[in-house]
Amino acid sequence: MKAIVSGLAAVARRAPVIVIIVTLALTGVFGYFAGQVEIASGNEGFAPEGDEISASERIADKFGEDTAESAIQVIIRDLDGDVITVEGLKTAIETIAVMRASDVGAQISDRPDRPGAFHYLTGVEQAMQAQGIPLEAMTDEMVKQFYVASLDPANSAPEQVSFLTRLIAEDYDPATVSATSGMALAFTLPFPGADFDEQFQNQIDAEAAMAADLEAIDTSFEIRPFSFGLLLSGSDDFQQEIGTLFGLAFMVILIILLFVYWLKPGKEGSRWASIRRTLADMGLTLLTIVIAIFWMQGLGFLAAEAGIIDAFSAPTQIVPILLIGLGVDYAIHLTSRYREEVGQGESVDGAMTGAIRSVGIALALATITTVIGFLTNVFNPVPALKDFGILAAIGIVVSFLLMLTFVPSVRMLADRRAERLGRLPVASLQSHGERLLPNLMEKLAVLARHAAVPTIIVAIVLGGAGFYGFTQLETEFSVTDFLPDDSPYVETLDVLATNFGGGFGEQTQVLVEAAADQAINAEVHNALVVANQQLAELDDVATVDTPRGAFVIGSSPLALLGQMFAEGPATAPPAVLEAAQAVGLGQDLMVSAGADVTPLYMAMLDAVPEQAARVIYVEDGQINALLWDVTTTAGEEVEALRTGLDDAFAPINDLGAAAIDTSQNIITDEVINELTESQSSSLFLTIVVSGLVLVINFVIEARRWFLGVITIAPVALVVLWTYGLMFVTGIPFGPVTATLAALAIGIGVPFTIHIARRFTEDRKLMSDADDAMRSTMRHTGGALAGSAFTTMAGFGVLMTSSLVPFRQMGQVTVYAIGLALLAAVAVLPSMLALWDRYHRRRGDTQIGSEEPGTITST
C-alpha cells in the first residue's frame, strides 16, 4: 500500500503536466460514454432472480408479450355532488369516444364476450338507445331510473350487473341513487414495436396524449385517467428531480467549503490573496468531483455494455451525490495536511509528497474498506442494489486516484510558481489549524482523559437500543415511491384503492407447465377445474356473479371452454363439441379419468386461435403450458393472495406439473422478503471483512492487530445507532435505505482510520498521551468535522426531494455521518486512550508506526 501511495506521489511530483493532460483527455472519453447512459424506469432492476420473475419471463416467451391485456381506468367524480346524472352520462359517453378516437383506440381489446371499453352508466346508455331516447331528452331522474333498472338481474345479464357495480364508487347510496365517483374502463393490448422497450414507450406516449384529451373534455366533473403506463410516464420528471438535487447539493457544499477552506490573511498576504486561495482550493475540489462523476458514469456505461451491471436505475442515481460527499472528505484531508506541512516550513514538493504519503495511506485504507462495504451489495438479490454497489465502488476508486494525482498536480504547478516568486502564503497556511472547528474538536479530548469508560458504556448501551430498533424495522417497497408525492397518477391510484377496491389495473398470472417430456393430462385438467373454483372464493380475486355462481374475471383455458358451452352444447364449435364428448366433458368442465385432453385443447386453438393462444401453449404437438391471467385487488398487501393461490394450485404440483403465480405486486413482495433476509447478512459481512482488512493493515504496519478491532468497533456502533434512529423516526427498510450498512461503514471507517492513525503517529512523537490526543483532535478532528458537516449538508439536500426514498436516504445519511463523526471524536478517542494506558502500564512504548518519528497518516 505504501508503494502504491508513494508511486502516485512520485507521478504527481515529477510529471504534473502529463497527469493533467491525461486526466482531461480521459474525462472527454468517459464523458462521451456517460452521455450514452439511459435510466431504467419502473420496477426494472428491482426484481430478484427467482421463480416468480423467471415465470414472468417464460410467460412472455410462451404466450407472447403482446397477449396480456392492460387496463386504462378513468375516474369521473364530483366530490361535492353526484355523477349519476345527465352530465355524468354525457361525460362518460364522451370519455369512451375520446379513448376510441385516440391512438389508444386501435389497441382497445374488443372481444365476443365483452366490449373493450365501457363505463359505469353503460346500462343507462343501452336502455336509452333501446328506447330511442336522444341524449338531449334525458333528465337526471331518467338516468337514475335507468341505472337502477340496469342493476336488476331481470333486465341485465348477471355478468354485466357485477361489472357495473364495480364501476361505481363504494360511497354509492341506493336510497338516493347517487355516488361521488364512477369509472370508465378500457382494456388494451400492448402497442406495436420492435421490442418490449419500444412497445412500452409507444404505449406511454399514446396514453399520455389520450390523458391530455380526456382532461380537456368540457365538463364540471373531475376526470382522472390512470394506467400503469401513465404512472411511469414521469421518468423525465425523475431525471429533472435528480438534476435539481444534484445542483442544489453542489451549491450547498460550495458554500460550506468556502467556510472550511477559508484562509485567514497572514502577514505576507492580503485579504484578496486569501480569497483567491480559498476559491482556488474550493474550485479544484469541485472540479475533481465532477471529473470523478464523469469517469464513474462512463465506466458504468462500459460495465453495462460488458454485462457487469444490469442497468442504471433509480438507486444508482444517488451515486453522484455520494461521490460529492466522499470526494469532499478526501479533498479536505489532503488539503488540510498539505497546508499544515507548508505552514511548518516544508517546500511545495516536499509538503505535497509528505501529505500524499501520510494522508494517502489513510485514504487508501478508507477506499479499500469503503469499496468492500459497497461491494457487499454484489450478493444482494435485488439487481438494482447490486449495480448500485458496483457503481459506487467504481466511483470511490476513481475519486481516490484523482485526489492523489490530479489535485496534487494542479496545486503543485500553481504553488511552485508562487514559491519561486516568494508569494506562497506560509504564515496564512500555518494558521489553518487555529480555527473554530479544530479548536472545538480539541476540547473533546477531555472525554478520553477524564471519562473514557463512561463514554464507552453509554455508547454500548445506545448500541443495544439501536440493535432493538434494527429488529423492529419494517421493510417496505413500492414502485410509486420513486414518483413524486404530488403526481396526479399516484393520487389517482390511491383513489382507486380507497373508492373502487383497487380497480381493474392489477393482473395476476398463474403459469401451469407440464412436467418435462410430458403433456397436460386429464388428472391435471381436473385438478385445475378444482383450483379454478377455489380462485373464485379468494377475497382478492375479482369475480362476477352469474346464475352458475361466481366467475373469476380474467382469461384462462377453462374460462374460454366455459364460454363455448355457456348457452349449451348446440352453440359450441363442432370440433370442440366432438372433442369434449370424446373426453367425457361434464357441465362442471371435468373430464373422464385417463382421457387424452390434448385433442380438446387443440380443437379450442383451431376454433378461436387468437383467444386460445393467449392461454394455451403447444410444443411438439403437446399441450405444454396453460395460463391463468386474472384480475386481482390485493394491491401491495399480497401475502394472503399468494397463500391462497399456492393452496389452490398445490394439487397440480403434487401431480408432477408446476404452477407458479406471478405479478408485479408478487415480485415486489419477493423484493421485500429478499431485502429483509439480506439485512443481517449484509451488515455482518461488511463489518467482518472491513475489520479484517484493518486488522491485517495494523498487524503489518504496527504489529498491533487489536488496533484494527478498535478502529472498526465504533463503526459497528454507528450502524446500530443509525438503525435505532430510523426506527424512532419511522423510516422503514427499503431498496434505498438497504444501502445503509455499506454507506455507514463507507463513511465511518475513513473517519476512524484517520483518528487512529494520527493518534499512533502523535503518540510516537509525544511523551504525554493527553498532548497526543489534543494534537490528533485539533488537526485530524478539525478536518473530520469540516468534512462531516460538508457531506451532511450535501446529503441533507435529499430531504427536500419530492420522492420518498430520496428523502429517507437524506435523513438516514445525515444520521450516519453525524453519528460517525460523534463515534470518531468521542468514542474512538476513549478506546484509544484505554488501549494506550494498557500498553504503557506494560512498559510498551512502541505503539505507533514501524518508522519512529515518521508521519504516516493525517
Quiz item: Can you list the equivalent-ellipsoid semi-axes of the chain, largest first and in whole Å, using the square root of 5 times each Cα gyration tensor eigenvalue?
Solution: 66, 29, 24
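To the nearest µm²/s, what D does Stokes-Einstein give for the range 496-569 at 4 °C and 1.567 mPa s, using the Kirkwood radius over alpha carbon pairs as Rh?
Details: Rh = 14.3 Å.
Taking Rh from Cα pairs, D becomes 90 µm²/s.
Return the FRET efficiency for the residue pair Ser109, Phe684: r is the Cβ-Cβ distance, R0 is 56 Å, and the value is rounded to the nearest 0.05.
Details: r = 51 Å, r/R0 = 0.90.
Between Ser109 and Phe684 the formula returns 0.65.
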Quiz prompt | Long-range amide H partners of Ile84 with built H, under 5 Å | solution = Ala179
Quiz prompt | Bins of 10 Å, starting at 0 and running to the largest distance - Cα pair percent for the range 93-226 | solution = 11, 36, 35, 14, 4, 0
Exercise. Name the long-range amide H neighbours of Arg111: under 5 Å, sequence gap of 5 or more, or other chain; modelled H, no Pro or chain starts.
Key: Gly116
Self-check item: Carbon + sulfur, % of accessible area of the chain - ligands and nucleic acids excluded, 1.4 Å
Solution: 58 percent
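Taking only protein heavy atoms and a 1.4 Å probe, what accessible area per residue, in Å², does the chain have with all protein chains in place?
Values: 33750 Å² over 858 residues.
Spelled out: the 1.4 Å probe surface of the chain, per residue, equals 39 Å².
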Exercise. Would you mind checking the tilt of helix 196-215 against the longest principal axis of the Cα atoms of the chain, expressed as 0 to 90 degrees and rounded to 10?
Key: 70 degrees
Quiz prompt | Folded to 0 to 90 degrees: helix 140-150 orientation relative to the chain principal axis, Cα | solution = 80 degrees
Exercise. Mind pulling the angle between the C-alpha long axis of helix 664-702 and the longest principal axis of the chain? Nearest 10 degrees, somewhere in 0 to 90.
Key: 20 degrees
Exercise. Give a residue-ordered list of calculated ³J(HN,Hα) values for the range 586-600 (Karplus: 6.51 cos²θ - 1.76 cosθ + 1.60, θ = phi - 60°; whole Hz; x for Gly, Pro).
Key: x, 5, 8, 6, 6, 10, 5, 4, x, 5, 8, 8, 4, x, 5
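Computed over the Cα atoms of the range 515-632, what is the ratio Rg over Rh, Rh following Kirkwood? If you can, show how the numbers build up before the last one.
Values: Rg = 13.7 Å, Rh = 14.6 Å.
In the range 515-632, Rg relative to Rh is 0.94.
Compute the longest continuous run of the chain that contains no exposed trypsin sites (Lys or Arg not before Pro); treat a site as exposed when its DSSP state is not H, G, I, E or B and it has at most 15 other Cβ atoms within 10 Å. Working shown, then result.
On the way: sites that count: Lys267, Arg423, Arg548, Arg703, Arg842.
Longest run free of exposed loop sites: 1-266.
Kindly give the semi-axes, whole Å and largest first, of the ellipsoid equivalent to the range 713-835, taking each as the square root of 5 times a Cα gyration tensor eigenvalue. Numbers along the way, then the final one.
Numbers: eigenvalues 194, 38, 18 Å².
Equivalent ellipsoid of the range 713-835: 31, 14, 9 Å, largest first.
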Exercise. Before anything else, pin down the relative contact order of the chain: Cα pairs under 8 Å, at least 6 apart, normalised by residue count, whole percent.
Key: 19 percent
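Please give the calculated 222 nm ellipticity per residue for the chain, where each DSSP H segment of at least 4 residues contributes -39500 (n - 2.57) and the sum is spread over every residue; nearest 500 deg cm²/dmol? Walk me through the intermediate numbers first.
Working: 32 runs with 526 residues, N = 858.
Only helices count here, giving -20500 deg cm²/dmol.
The values are calculated or read from the model by the stated rules, or taken from the named source; none is laboratory data. All values derive from a computational prediction rather than experimental measurement. Positions of Cβ are backbone-derived with ideal geometry, glycine not excepted, and every protein chain shown enters the neighbour counts. To get the accessible areas, we keep the full protein, side chains included, count just its heavy atoms, and leave off ligands, DNA and RNA. Shrake-Rupley method; radii C 1.70, N 1.55, O 1.52, S 1.80 Å.
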